[in-house]
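Visitor: Below you will find the structure I want to go over with you.
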Amino acid sequence: MEVREAVLSTFGNLEFEPEEINDDTRIREDLAVDSTELAEIAIALEKTLGVVIDDGKFAQLETFGEVVAYIASARPD
Amino acid sequence: MTRVVITGIGAITPAGMGEESLWHRVLSGRSAVRTIDRFDAGSYRCQVAGQADAFTASDWLPGRFIKRTDRFTHLAVIAADQAKSDADLEIGGAGGTQPDRVGVMVGNVLGGWGFAERELRDLWAKGIREVSPYQATAWFPAAPQGNICIRLGIKGRARTFVCDRASGAYAIIHAAETIERGLADVVIAGGTEQPLSPYAWLCCQTGAFLTPAGNADPQAAYRPFDRAHGGTVIGEGSVFLVLESEAHARARGAEILGQLSGWAQNTDGYMPYYTSEPHGNTMSVAMKRSMQRAGIGVHDLGSVIADGSAVPREDAAEVLALKAALGDGARRIPVTTAKAAYGHLMGSAAPADVAIALRMIRHGIVPPVANLDHPAPGFDLDFVRAAPREAEQAHVLVVARGLGGVNACLVVSRHGSAENAEPEPPGSSHWNGGTSAHGGT
């Protein structure tokens with residue numbers, strides 16, 4: 001839950017509307033994220049959550065829920 | 001020839017939002033130039049500018065757009081929106097103009113340095129991970145063009161012109177030629193500029209055209225053609241026009257504001273210091289050819305909106321060029337420049353002048369040159385000073401020029417009062433400056 005809130009907060013800092021995002025929200029189709037914004041999101045998550053993101057794996061994630069799960073699995077603790 | 005008409009105007013300037021605020025500011029003869037407060041300009045020679053403070057991007061645009069783009073793009077997309085709305089133009093859909101028959105032409109000088117400076121500072125101080133991935137696309141001068149196309153669903157020709165302070169005039173000329181050649185029915189053409197960031201301002205300082213003399217009294221700083229002229233005061237803003245073929249405008253029932261009847265461009269780059277010719281001969285040719293293309297003679301011309309940079313050598317060359325182009329008319333045709341009331345908008349300057357020219361024709365008024373108290377010695381044109389002057393007029397000559405000798409002149413006319421003439425190739429003939437070309441030459 002803590003990871004989900006932190007990821008959602010990061011999206012909010014990047015000017016997404018958190019109230020419009022749920023676990024099934026599709027990153028590309030629903031949020032219209034392109035490759036540049038995906039890079040911005042990945043870097044922001046690395047900086048705020050202290051994770052190291054594999055760009056190839058991150059690019060394959062489809063939904064917000066999958067992003068949260070990936071970040072949770074990538075956290076050092 | 002296809003007539004090119006103007007059907008919409010959008011403007012965000014130091015005078016406020018919309019072209020009406022621009023017109024009223026210009027009529028007032030009072031300057032909106034102020035001490036810069038967007039950054040600490042205390043160590044610069046020129047510390048005054050026109051600031052488009054009425055525009056707050058977050059009032060108009062979503063955060064996800066703002067984070068990707070510089071303020072010069074924010075200004076441009078909203079001014080283009082205004083122009084489209086003013087023209088009552090629909091793009092796409094059942095009753096709208098086909099998207100691939102609509103173009104966009106933009107003039108800009110500096111690019112998006114406000115965004116770029118912040119990111120480059122982070123690059124050197126903190127490293128590559130701190131740089132926005134939008135840095136590359138936010139900075140470059142074609143960013144407004146692309147974003148206008150995306151926002152308005154435009155699929156036709158799109159170009160950006162970087163020709164110093166004549167950039168906006170080049171954009172308008174290319175738009176007119178695109179329409180005239182049948183390559184588009186409509187072109188949204190104009191310019192945008194946001195020079196208020198430390199490095200952009202330094203570039204302008206080293207360009208040596210800003211006045212260092214007006215910091216104590218900002219409103220009196222910009223003094224075109226005045227004997228105390230000491231250089232330009234620039235400003236931020238964006239102005240866009242909807243240009244279209246007369247046939248297209250009529251077919252969709254658009255209100256026609258006026259006609260872009262003539263234009264010409266040439267160059268007179270001159271060394272040393274990348275300046276322009278001091279005698280104004282080449283500039284005078286651009287003035288003459290723009291009138292020739294409009295099919296008018298000097299006696300048809302109602303007034304002139306000069307560039308009026310207030311750089312002494314540029315003012316002098318422009319006066320000489322006007323004298324050469326207007327001949328006997330030089331002492332009786334009213335000359336103004338509106339820029340002293342809000343700052344030279346660089347890429348947006350000529351589009352703003354066209355918007356003002358349309359008002360001048362519509363109201364029969366020539367606004368005064370703000371701060372022109374005593375014309376410099378030898379500047380014996382009929383400058384409009386102190387107060388607006390009533391003057392019925394059908395044709396206004398707009399002069400634009402930039403560093404390195406780019407000259408671009410436009411003739412704005414009352415709709416239906418001019419027949420565009422075929423352009424003559426440079427050097428093909430001598431132009432008869434005193435004779436109307438009406439009736440076909």
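Visitor: Once you keep just the Cα pairs under 8 angstrom separated by 6 or more residues, what percentage relative contact order results for region B:1-90? Please report the intermediate quantities before stating the final value.
Guide: Values: 89 pairs, mean separation 34.9, N = 90.
So the answer I get is 39 percent.
Visitor: Can you list residues whose amide H is under 5 Å from B:Gly103's amide H, if they're 5+ apart or on another chain and H is modeled 1.01 Å from N?
Guide: Answer set, sorted by chain and number: B:Val186, B:Val187, B:Ile188.
Visitor: In region B:40-95, if the dipole is taken from +1 on Lys/Arg beta carbons and -1 on Asp/Glu beta carbons about the Cα centre, which of B:Ala41, B:Leu75, B:Gly92 is farthest to the positive end?
Guide: B:Ala41
Visitor: Here's something else I'd like to know. At q = 0.17, 0.18 Å⁻¹, what base-10 log of I(q)/I(0) does the Debye formula yield for region A:2-77 when every alpha carbon is treated as an equal point scatterer in vacuo?
Guide: The Debye formula, applied to the Cα set alone, gives -0.55, -0.63.
Visitor: Right, something else. Just to be sure I understand: of the beta bridges DSSP finds with both ends in the protein assembly as shown, what percent are antiparallel, rounded to 5? Let's see the in-between values first.
Guide: Working: 44 of 67 bridges.
Among the beta bridges of the protein assembly as shown, antiparallel pairing accounts for roughly 65 percent.
Visitor: Per residue of A:13-20, how many C-beta atoms from partner chains lie within 10 Å of its own C-beta, taken as a mean? Numbers along the way, then the final one.
Guide: Numbers: counts 2, 3, 7, 2, 3, 0, 0, 0.
Mean partner shielding for this stretch: 2.
Visitor: If you don't mind, another one. Regarding region B:107-150, what whole-number volume in Å³ per residue does the convex hull of its Cα atoms give?
Guide: 58
Visitor: If you don't mind, another one. In 5 Å bins starting at zero, report the fraction of Cα pairs in region B:154-197 per bin as a rounded %.
Guide: Taking all Cα pairs of region B:154-197, the binned fractions are 5, 22, 29, 21, 12, 7, 3, 1, 0 percent.
Visitor: For the protein assembly as shown, compute Rg over Rh where Rg is the Cα radius of gyration and Rh is the Kirkwood radius from the inverse mean 1/r over Cα pairs.
Guide: Numbers: Rg = 24.9 Å, Rh = 24.0 Å.
Rg/Rh: 1.04.
Visitor: Oh, and also: Can you compute the charge dipole magnitude of the protein assembly as shown about its Cα centre, using +1 on each Lys and Arg Cβ and -1 on each Asp and Glu Cβ, nothing else charged? Give it in debye, rounded to the nearest 20. Don't skip to the end; give the middle numbers.
Guide: Working: 46 positive and 63 negative charges, 344 e Å.
That gives a dipole near 1660 debye.
Visitor: Below 8 Å between Cα atoms, with a sequence gap of 6+, how large is the relative contact order for chain B in percent? Provide the component values of the computation, followed by the final result.
Guide: Working: 1171 pairs, mean separation 100.9, N = 441.
Result for chain B is 23 percent.
Visitor: Gap in Å between the Cα centre of region B:228-265 and the Cα centre of region B:300-367?
Guide: Cα centroid of region B:300-367 versus Cα centroid of region B:228-265: 14 Å apart.
Visitor: Between B:Ala391 and A:Asn22, what's the calculated FRET efficiency when r is the beta-carbon distance and R0 is 56 Å? Round to 0.05. Please report the intermediate quantities before stating the final value.
Guide: Values: r = 65 Å, r/R0 = 1.16.
Efficiency at R0 = 56 Å is approximately 0.30.
Visitor: Nearest 20 debye, what's the magnitude of the dipole of chain A about its Cα centre given +1 on Lys and Arg Cβ and -1 on Asp and Glu Cβ?
Guide: Working: 6 positive and 19 negative charges, 67 e Å.
Once rounded to the nearest 20, the dipole reads 320 debye.
Visitor: Moving to a separate point now. Rounded to whole Å and ordered largest first, report the semi-axes of the equivalent ellipsoid of region B:1-158 derived from its Cα gyration tensor (root of 5λ). Each step should come with its number before you reach the end.
Guide: Numbers: eigenvalues 178, 115, 32 Å².
Calculated on Cα positions only, the semi-axes equal 30, 24, 13 Å.
Visitor: Moving on to the next point. Can you check what the Kirkwood hydrodynamic radius comes to for region B:1-91, Cα pairs only, in Å to one decimal? Can you show the working numbers first?
Guide: On the way: mean 1/r = 0.0656 Å⁻¹.
Evaluated on region B:1-91, it is 15.2 Å.
Visitor: Please enumerate, by chain and number, the lysines with C-alpha under 29 Å from the C-alpha of A:Lys47, excluding those fewer than 8 residues away in the same chain.
Guide: In chain and number order, the partners are A:Lys57, B:Lys67, B:Lys126.
Visitor: Just report the Cα centroid separation between region B:46-119 and region A:14-28, whole Å.
Guide: Region B:46-119 and region A:14-28 have Cα centres spaced 26 Å from each other.
Visitor: Just to compare against my own numbers: the Cα pair-distance distribution for region B:78-184, 5 Å bins, whole % per bin, please.
Guide: Histogram of Cα-Cα distances, whole percents per bin: 2, 12, 17, 20, 17, 12, 9, 6, 4, 2, 0.
Visitor: Specify the longest stretch of chain B that does not include any exposed loop site, a site being one of the trypsin sites (Lys or Arg not before Pro) with a non-H, G, I, E, B DSSP assignment and at most 12 other Cβ atoms within 10 Å. If you can, show how the numbers build up before the last one.
Guide: Working: sites that count: B:Arg181, B:Arg332.
Result for the longest clean stretch: B:1-180.
Visitor: Provide, in order from the shortest bin, the percent of all Cα-Cα pairs of region B:198-273 in each 10 Å bin, continuing until the bin that contains the maximum pair distance.
Guide: Result, from short to long distances: 13, 26, 26, 21, 14, 1 percent.
Visitor: Here's another thing I want to ask about it. Using +1 at the C-beta of Lys and Arg and -1 at the C-beta of Asp and Glu, which of B:Trp124, B:Ala171, B:Thr211 has the Cα lying farthest in the positive direction of the dipole of region B:108-215?
Guide: B:Trp124
Visitor: With n ≥ 4 as the cut-off for DSSP H runs, can you work out [θ] at 222 nm for chain B, using -39500 (n - 2.57) per run divided by the number of residues, rounded to the nearest 500? Walk me through the intermediate numbers first.
Guide: On the way: 12 runs with 132 residues, N = 441.
Mean residue ellipticity at 222 nm (helix-derived): -9000 deg cm²/dmol.
Visitor: Now, a different point. In peptide A:29-36, how many Cβ atoms from other protein chains are near each Cβ within 10 Å, on average?
Guide: Values: counts 0, 0, 1, 1, 1, 1, 1, 6.
For peptide A:29-36, the averaged partner shielding equals 1.
Visitor: Then there is this: Average the reciprocal distances over every distinct pair of alpha-carbons in chain B, invert the result, and give the Kirkwood radius in Å.
Guide: Details: mean 1/r = 0.0468 Å⁻¹.
Result for chain B, one decimal place: 21.4 Å.
Visitor: Follow-up question, since we're still on this one. Which residues' amide hydrogens lie under 5 Å from the amide hydrogen of B:Ile36, considering only partners 5 or more residues apart or on another chain, with H built in the peptide plane?
Guide: Placed amide hydrogens put B:Val48, B:Ala49 under 5 Å from B:Ile36.
Bear in mind these aren't lab numbers, they're just calculated from the coordinates by the rules spelled out. Since the structure is predicted, the reported quantities are computational estimates derived from the model, not experimental observations. Positions of Cβ are generated from backbone atoms using ideal geometry, with glycine treated the same way; all protein chains shown enter the neighbour counts.
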